[in-house]
Amino acid sequence: MGILSPEWDGRIGHWIRTLKWDFYEPLGRIEMEAFRTDEHLRLEELGGVKFIPAPPGFTWGNTWEYCWFRGDILLPEEAEGERIVLDLKPGGESTLFVNGQEFGTYRADWVAEAHHYLVDNTIAINAQAGKRYHIDMETYAGHDFPNWDSCATGPVLPGSYQEGKNEGCRRVLGECTFGIWHEEAYQLYMDVMTLWHLLRQIDQDSLRAAKIAAALKQFAKDVDFEQERKARNEDYRRAREGLKEVLKAVNGTTMPLLWALGNAHLDMAWLWSVAETKRKTARTFAAQLRLLEEYPDYCYIQSQPAAYEMCRLHYPELFEKIKKAVKEGRWIADGAMWVEPDTNMAGGEALIRQLIHGKRYFREMFGVDSRVLWLPDSFGYTAALPQILKGCDVPYMVTQKIFWSYNGGERFPYHYFYWEGMDGTKVTSFLPTGYTYQTNPEETGRVWRDRVQKEDLEAFLFPFGYGDGGGGPTRDHVEYVLRQRNLEGSPRMKMGTPEEFFRQMEQEGGPNHTYVGELYFCAHRGTYTSQAGIKRNNR
């Protein structure tokens with residue numbers, strides 16, 4: 001049993017849940033109109049098309065189809081000076097535009113379930129009553145793919161695969177509203193959740209645990225939800241004051257440092273069409289630009305010139321904003337290769353071409369020299385790669401999938417090391433254990449605790465955020481990092497770029513270990529078996 005009794009543990013959990021319910025206060029419904037299409041249309045191409053009314057419950061959707069929704073907002077007097085957010089219910093993954101500008105993403109799957117997405121869809125801070133907003137939303141009806149349990153991992157019985165959706169009615173529009181986001185309640189929630197997660201990963205017999213437990217109990221005494229809004233807000237402010245002391249406590253001299261940076265790995269083609277990938281770039285990139293605007297210390301890395309080029313061709317205004325953010329040093333354009341490739345199937349010439357075209361694009365479009373191979377999601381790493389990287393002036397490599405070992409096999413022994421290729425060339429490498437980390441103290445503590453390299457390692461590269469169209473990091477991610485810059489009991493955290501991380505590690509002595517030869521990936525065994533002809537033709 002932890003330091004909190006079951007009664008107190010349950011009570012605090014109830015208070016946290018109720019606090020989340022109080023973030024959002026609807027002000028009005030957004031009356032939507034709809035237009036269905038199979039084409040990839042730009043926003044400016046919608047001028048001549050016919051929209052029809054789309055009330056809540058509007059049902060639509062064939063495989064691969066899209067539906068454009070639009071509606072208008074007029075802020076009432078109650079919105080004056082408030083933070084105004086959108087609560088949309090599109091029923092499917094959506095690209096969102098506000099006043100004609102790319103705004104971000106809306107998901108209707110596990111990402112939305114895992115996060116209260118409202119806070120990341122703020123249309124106004126210090127809003128002005130009487131101001132109008134026009135909302136456009138391009139929503140994907142989706143397509144079916146085999147269920148992982150029945151069809152993707154072994155033999156398939158005849159008739160065992162069933163279509164998941166009824167054709168023509170794959171999606172249903174819910175009620176879309178706009179309203180006030182109560183930031184005081186949200187900030188209290190982030191304070192409490194930081195301590196809540198921290199308590200679960202520290203020594204339950206420590207004085208630190210006792211102090212945190214006492215502070216959380218006091219929070220549950222201080223906040224009375226059964227009163228009017230003004231009085232509740234006063235309680236939230238008072239409760240935050242009561243938590244300050246435990247949130248100000250700092251670590252000693254030997255706590256590790258996690259270098260945190262946002263990312264959003266995006267498969268160019270996986271469970272969707274290339275046309276959908278193009279839309280995913282707009283959803284994710286726009287969301288991250290807004291996050292950069294709100295948080296001056298935030299760092300976001302985006303690899304793959306192929307994704308940037310999709311954005312440039314289909315969302316040129318958004319691309320220009322990205323170029324500006326790169327120039328300001330806020331957006332990290334890096335990764336070295338044109339896409340994040342497989343390195344075993346391709347021959348040496350193809351890998352060199354990846355680097356030549358990738359580095360050229362980063363240089364010509366963004367004025368940066370890409371020196372880090374950012375390769376989170378690959379099925380293996382050829383022993384020829386260090387020589388190829390060094391020859392193309394890419395001295396650093398980051399990957400993580402090597403730690404996936406669900407099919408058995410020994411875990412890779414290092415995180416930070418020199419990787420020596422078949423010709424003796426070395427590149428400095430770092431291997432996190434994931435690229436979609438959460439940033440709460442329970443996760444940061446677990447990641448450090450579960451590292452395989454227990455000695456000769458004092459810092460850790462920590463990429464966080466939802467990938468594959470999930471919009472990347474959210475405000476929650478960043479808020480947790482800011483609270484853990486030096487929070488007693490949690491690894492220290494700071495924002496930084498991969499190259500800054502490697503240079504700092506070099507100043508502190510560099511790697512103490514060398515690994516020679518292929519980095520064999522033991523999890524996805526057999527994935528190349530049907531590709532022998534392609535490998536032979538490449539050679």
Expressed to two decimals, the range 1-103 has a Cα Rg over Rh, using the Kirkwood radius, of 1.15
How would the range 168-267 be classified by its alpha-carbon gyration tensor: rounded, prolate or oblate, with rounded meaning a/c under 1.5 and the a/b versus b/c comparison settling the rest? oblate
Heads up, the range 415-539 by the C-alpha gyration tensor (a ≥ b ≥ c square roots of eigenvalues; a/c under 1.5 rounded, else a/b over b/c prolate, else oblate) looks oblate
Distance from the range 24-48 to the range 197-220 (C-alpha centre basis), Å: 47
How much net charge surrounds Val516 when only other residues with a Cβ under 14 Å from its Cβ are counted (Lys, Arg +1; Asp, Glu -1)? -2
According to a simple spin-label model (label point 7 Å from Cα along Cα-to-Cβ), what is the distance in nm between Leu313 and Glu455? 5.3
Could you give the semi-axes, largest first, of the ellipsoid that matches the range 296-344, computed as the square roots of 5 times the alpha carbon gyration tensor eigenvalues and rounded to whole Å? 21, 16, 7
For the range 248-358: rounded, prolate or oblate by the Cα gyration tensor [a/c cutoff 1.5]: oblate
For the range 331-470, projected area of the alpha-carbon convex hull averaged over all directions, nm²: 9.7
When the chain is fully extended, how far beyond the present Cα-Cα distance does Ala275 get from Gln187, taking 0.36 nm per residue of separation? 27.9 nm
Skip the ligands, DNA and RNA, and give the accessible area per residue of the chain with a 1.4 Å probe, whole Å². 44
The simple spin-label model distance between Tyr528 and Glu39, using points 7 Å out along Cα→Cβ, in nm, is 4.5
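Quick one: if the Förster radius is 51 Å, what FRET efficiency do Trp21 and Tyr406 give, using the C-beta to C-beta distance and rounding to 0.05? Don't jump to the answer; show the numbers that get you there.
Working: r = 37 Å, r/R0 = 0.73.
Calculated transfer efficiency: 0.85.
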Neighbours of Asp203 by Cβ distance under 13 Å: Lys/Arg at +1, Asp/Glu at -1, summed charge +2
One would report the Cα pair-distance distribution of the range 474-539, bin width 5 Å, in %, as 3, 11, 10, 11, 13, 10, 12, 14, 8, 5, 2, 0
Sort all Cα-Cα distances of the range 1-50 into consecutive 5 angstrom bins from zero, then give the percent of pairs in each bin up to the one containing the longest distance. 4, 12, 13, 9, 8, 8, 8, 8, 8, 7, 7, 6, 2
With only Lys, Arg, Asp and Glu charged, each at its Cβ (+1 for the first two, -1 for the last two), find how big the charge dipole of the range 347-488 is about the Cα centre; round to the nearest 20 debye. 220
Which percent of the accessible heavy-atom area of the range 22-114 goes to carbon and sulfur, probe 1.4 angstrom? 48
Cβ-based charge dipole, the chain, positive-most Cα from Ser429, Ile16, Gly252: Ser429
D for the chain, whole µm²/s, Stokes-Einstein with Kirkwood Rh over alpha-carbon pairs at 20 °C and 1.002 mPa s: what number? 85
Neighbourhood charge, 15 Å Cβ-Cβ cut-off, centred on Thr253 and excluding it, Lys, Arg +1 and Asp, Glu -1: -2
Theoretical FRET efficiency, 1/(1+(r/R0)^6), r = Cβ-Cβ of Phe51 and Asn538, R0 60 Å, to 0.05: 0.75
Linear extension gain, Val156 paired with Gln504, 0.36 nm per residue minus alpha-carbon span: 120.1 nm
Using packing as a proxy for protection, rank 328-338, 357-367 so that the peptide with the highest average count of other Cβ atoms within 10 Å comes first. 328-338, 357-367
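For Asp144 and Ile356, FRET efficiency with R0 = 45 Å and r from the beta-carbon atoms, rounded to 0.05? Show your work: numbers first, answer last.
Values: r = 39 Å, r/R0 = 0.87.
Given R0 = 45 Å and the Cβ-Cβ separation, E is 0.70.
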Show me, for the range 385-394, the HN-Hα J-couplings you get by feeding each phi into the Karplus relation (A = 6.51, B = -1.76, C = 1.60, θ = phi - 60°), rounded to Hz, glycine and proline as x. 5, x, 4, 5, 4, 4, x, 9, 6, 10
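The values are calculated or read from the model by the stated rules, or taken from the named source; none is laboratory data. Note that this is a predicted model, so its numbers are computed, not measured. Glycine gets a Cβ as well: all are built from the backbone with ideal geometry, and neighbour counts include every protein chain shown. Ligands, DNA and RNA are excluded from the accessible area calculation, which covers all protein heavy atoms including side chains. Shrake-Rupley method; radii C 1.70, N 1.55, O 1.52, S 1.80 Å.
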